[in-house]
Every structure is written in structure tokens, then in C-alpha cells.
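> This structure is in C-alpha cells; I'll ask about it shortly.
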Amino acid sequence: MSELLAGPIADRHAALGATFAEFGGWNMPVSYSGTVAEHAAVREAVGIFDVSHLGKALVSGAGAAAFVNSTLTNDLGKIVPGKAQYTLCCNDSGGVVDDLIAYLVGDDEVFLVPNAANTAAVVAQLQAVAPEGISITDRHRDLAVLAVQGPKSADILTGLGLPADMEYMAFADAELATPGGTARVRVCRTGYTGERGYEIVPRWDDAGAVFDVLLEAITAAGGLPAGLGARDTLRTEMGYALHGHELGPDISPVQARSSWAVGWDKPSFFGRDALLAEKEAGPSRRLYGLRATGRGVPRAGCAVRLAGDSGGADQIGTCTSGTFSPTLKQGIALALLDTASGVRKGDEVVVDVRGRDLACEVVIPPFVPSHV
């Protein structure tokens, strides 16, 4: 087994008392003061996540934006320079190689942020079809990503002289004063929590100094450093897809309710023919939310059945993610359910949790309101 990769500020996480676990080949902080406390800090005040494991890739050269638009699913032509866009890199069968954020810098430059484990695959797929003059550079270890999330996030950035008064999915380059000097950062109003938030991209070598300045301001405002545990409970409450769970090489955006991130009228993008065919025919399964009405917590991999199933064993789907919702104080899950089952919003289903039936209501996420 290969050695786990470490981010640029692993020493700071250890000093803060973080527990660690493997994620996407990286040794990641899971929690510092407890997942529930960190979750609450983000929902009620502000938290900071080190997500430097996320990939970074630069597509540059004459016509770079047009090239990206011909490959990834969303329509980059719908945004202007200075805006970012959620998009997907699909395979020929319509499955998702990765979901990522595309920052449109200009006609000749697009900055991509894929998931950690899939960066090499995305870069390789783009490089394989890139015309002469277009370069795709993997910058995974050149840049860090720090996410500041929560209702007080704008106040934190403003107090530090960083841009915060921008539209959702807009970004700007700025400078942050640190004890060691000025650090150049890119600030984007986005995130993975459902709260107003920002992702801040400094140079890898500047990550420690930037983190220190941000953390000091955040803790002074009643916030906390937050780890992978809170990141997962927050995103699950919002119904946000996680690659390898709600999206994957065999899970299409049509099945995952991510069709809004597909530019259906575009003449070309990876997987276009397969996705158009699936959209026309209708998917064989579709993503839903499940809210436990009984006591228990559904988990990824749990089988889902119709309530009152006379056979007691006819599975209609599988939970892709599941957790205890700190906000709702009940179990919640995301699940891919067979469309042939006829299940719909408001129906009751049963989730098999280690051999015990857990009654759940079928819902359409998010489970809690978005404040982005």
C-alpha cells in the first residue's frame, strides 16, 4: 500500500489535536473538537476546512475556454470571466469520471478544481483530446485550498481585507497580509456546506501563514476548525453529491439529479450521446433523500425496500450515503432507487440497518434550507 499524501499544514492539524483518516489517498483531519460541535459552528457561526487535497489543474492556450466547453458537461458559455461553474467530466457511457469546479479566468485560461483521487484521470482525459496549443497542467501540489464557511464568513474575510461582497460562484484574486509577508490568494464564493462561504486558494508554501491568519479571526468570532466528519454531515444535509457515492463511472448525472449541470444544447462534451439517450428514455434509477421516521441511522450500502413489501426481501435501491443529522437530530440518507418501483416523494420505505428495519420517508434534498 502506498504511503498517504500529506497536505501543506499537517503539522498545524496535529497541533490542534486533530484525528486523522485516509481519504482519496490523503491523510486528512477528521475532527478536532467533535463532529457535532464543528457542524454546529459552520451552521451557526463559521468554520475553516483544509481541503488542499482537492486537485488543481490549469487549462491554458488560445481557445482554452472553448476547448473545456467542448469536453465538460456544463455550458461554460453561460458565465463570464471571474465566475466559476460546477461541471462534470463524463466517460463515453455517461458515467461520471469526476465532478469539479471550473474557474473561467478568460478565453485562454480555465482553472479546474477536481476531486483528489480523480485529478490524474481528468487531466489525462483532457490531454488525450487537447489540440495543439492547449496545455493542461496538473498543479495539485502547487496550490492549497482553505474553505471558510458559515454565516459569519463574509465578516471574517472583510475584516482581513479580502473580497467578500461578490455573487455566488464569483471569484477574485487578492492579497492577504500575514506575519511573514503578503500572500497572493484567489477567493471564490462557493463551498460544500450549504452556508454562505468561500474557498481560498493560496500557494502551497503560503498555506500555513494564510491558515494561521484565518483561524485566529475565526476562533475570535466563535468559530472552529472543522474536519472531514463535519464536511460530510454538512454536505449530506444539503444532498450534495460525493464522487464514489452519489456520482461515479457507473452513476450518471441523470440518475444523480445533476442534469442541471449538463449543457444539453451543446454540440459536444464527453458522454453526450449516452446522456441524451438516457435522458430521452428515462433513467433506471434516481437519487432521493431518505429521512428516518424511526430511531436509527441509515448508512451507505444499506438496502432499501418498499414499506409493507409482502416478500420482505425485494430491494428497490441502495443508500449511497447516510449519517445522523446534527441539525435535524435524526438519521438521513441519500439513496439510488429504482424508477420501476414507482416510489416518489412522500412515500415510506424501509432501510435494512444491520438486519433491523428502519422506516424512512422519501424526500427530495436538501434536508435543511440552503443559505449560500
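The values are calculated or read from the model by the stated rules, or taken from the named source; none is laboratory data. Fair warning: this is a prediction, and the values are worked out from it, not measured in the lab. Using ideal geometry, Cβ is built from the backbone for each residue, glycine included, and neighbour counts are taken over all protein chains shown. Only protein heavy atoms, including side chains, enter the accessible area calculation; ligands, DNA and RNA are left aside. Shrake-Rupley method; radii C 1.70, N 1.55, O 1.52, S 1.80 Å.
> When the accessible area of the stretch 237-282 is split by element with a 1.4 Å probe, what percent falls to carbon and sulfur?
Taking all protein chains in place, the stretch 237-282 shows 53 percent carbon and sulfur surface.
> Can I ask one more? Over the heavy atoms of residue 318, what accessible area does a 1.4 Å probe trace out, to the nearest 10 Å²?
Probe radius 1.4 Å; accessible area of residue 318 about 50 Å².
> Would you please give the FRET efficiency between residue 281 and residue 220, computed as 1/(1 + (r/R0)^6) with r the Cβ-Cβ distance and R0 = 51 Å, to the nearest 0.05?
Efficiency at R0 = 51 Å is approximately 0.40.
> Rank 245, 371 by accessible area, highest first, at a 1.4 Å probe radius?
Largest to smallest exposure gives the sequence 371, 245.
> Under a crude label model (7 Å from the Cα following the beta-carbon direction), how far is residue 330 from residue 172 in nanometres?
It is 4.2 nm.
> Let me ask something additional. Counting pairwise Cα distances across the stretch 4-76, what percent come out greater than 16 angstrom?
63 percent
> Next up: Give the calculated FRET efficiency between residue 91 and residue 357 to the nearest 0.05, with a Förster radius of 41 Å applied to their Cβ-Cβ distance.
0.65
> Given the options 263, 331, 304, identify the residue whose Cα lies farthest towards the positive end of the charge dipole of the stretch 260-372 (+1 on Cβ of Lys, Arg; -1 on Cβ of Asp, Glu).
In the stretch 260-372, that residue is 331.
> What spacing in nm lies between the two simple spin-label points modelled at residue 108 and residue 205, each 7 Å away from Cα in the Cβ direction?
2.7 nm
> Before anything else, pin down the relative contact order of the stretch 241-372: Cα pairs under 8 Å, at least 6 apart, normalised by residue count, whole percent.
Rounded, it is 26 percent for the stretch 241-372.
> Sort 199, 280 by accessible area with a 1.4 Å probe, largest first.
280, 199
> A further question follows. With a sphere of radius 14 Å drawn around the Cβ of residue 16, what net charge do the other residues whose Cβ falls strictly inside it have (Lys, Arg +1; Asp, Glu -1)?
-4
> Tell me the accessible surface of residue 44 in square angstrom (1.4 angstrom probe, heavy atoms of protein chains only), to the nearest ten.
140 Å²
> Looking at the chain, what % of its DSSP beta bridges pair antiparallel, to the nearest 5?
Around 95 percent antiparallel, to the nearest 5.
> Something else: Given a Förster distance of 51 Å, report the FRET efficiency between residue 16 and residue 268 from their Cβ-Cβ distance, rounded to the nearest 0.05.
0.65
> So for 279, 56, what's the accessible-area order with a 1.4 Å probe, most first?
Output order, biggest surface exposure first: 279, 56.
> Counting pairs of alpha carbon atoms under 8 Å apart in space and at least six apart in sequence, what relative contact order in percent does the stretch 124-239 give?
This gives 25 percent for the stretch 124-239.
> Restricted to Cα positions, what overall size does the chain have along the principal axes? Three whole-Å values, descending.
69, 49, 43
> Within the chain, which cysteines find no other Cys whose Cβ is under 4.7 angstrom from their own?
So far as the 4.7 Å Cβ criterion goes, 89, 90, 188, 360 stand without a partner in the chain.
> While we're looking at this one, here's another question. Can you give the relative contact order of the chain as a percent, counting alpha carbon pairs under 8 Å and 6+ residues apart?
The normalised contact order for the chain reaches 18 percent.
> Another one. Sequence neighbours fewer than 8 away in the same chain don't count; with that in mind, list the lysines whose C-alpha is under 30 Å from residue 56.
78, 83, 152, 266
> Let me ask you something else. Net charge near residue 371, counting Lys/Arg +1 and Asp/Glu -1 over other residues with Cβ under 13 Å of its Cβ?
Once all neighbours under 13 Å are counted, the net charge is +1.
> Over all alpha-carbon pairs of the stretch 48-179, lay out the pair-distance distribution in 10 Å bins, whole %, shortest bin first.
Once binned at 10 Å, the Cα pair distances of the stretch 48-179 give 12, 40, 33, 13, 2, 0.
> DSSP H helices in the chain with Cα extent of 30 Å or more along the helix axis and mean Kyte-Doolittle hydropathy at least 0.5?
Membrane-span-like by this rule: not one helix.
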